[in-house]
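Structure, as structure tokens:
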Amino acid sequence: MMVDRPYVELITKDNCPLCESGADTLRRATSKFKIDIREIDIFDDDDIYDAYSTRVPVVLAPNGSVIDEGKLSQAKLTPALLRLKVSG
């Protein structure tokens, strides 16, 4: 039986140094847990663009709630990822 792994969504855009450093921070944080990262470019979806274009990078939980945004922080990400791991 295949079980879906917990995941987070990372909203980013090209040519965004903050997004690149945020992705690195998120990868380091998720490496402690078996949590997948689904990267989404804000230009791929009008609704995502409207909601997050001035806030990238943004990390979303599977339920759509914002875990962290802007300058991503290990201190903020780790407890949220632990909750996902436990519930996932």
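The values are calculated or read from the model by the stated rules, or taken from the named source; none is laboratory data. Because the structure is predicted, anything quoted here is derived from the model rather than measured. Cβ atoms come from the backbone with ideal geometry, glycine included; neighbour counts cover every protein chain shown.
Across segment 37-88, the qualifying residues are those that are aliphatic (A, V, I, L, M) and surrounded by fewer than 14 Cβ atoms within 10 Å (Cβ to Cβ), and the one among them that is farthest from Ser21 (Cα to Cα) is Val86. One residue stands out among those in segment 15-35 that are touching a helix residue (DSSP H, G or I) at 6+ places or on another chain (Cβ under 8 Å) and not β-branched (Val, Ile, Thr): the one that is nearest to Thr78 (Cα to Cα), which is Ala29.
Residues in segment 24-36 that are closer than 15 Å to Lys71 by Cβ and surrounded by 14 or more Cβ atoms within 10 Å (Cβ to Cβ): Thr25, Leu26, Ala29.
Only one entry in Thr78, Thr30 is over 17 Å from Asp14 (Cα atoms) and either aromatic (Phe, Trp, Tyr) or in contact with a Lys or Arg (Cβ under 8 Å, 6 or more places away or on another chain) (or both), namely Thr78.
For (1) under 14 Å from the mean Cα position of the chain (by Cα); (2) outside any helix (DSSP H, G or I); (3) modelled with pLDDT under 95, each residue gets a yes or a no:
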site	(1), (2), (3)
Ile37	yes, yes, no
Ile40	yes, yes, no
Asn63	yes, yes, yes
Leu72	yes, yes, no
Leu77	yes, no, no
Leu82	yes, no, yes
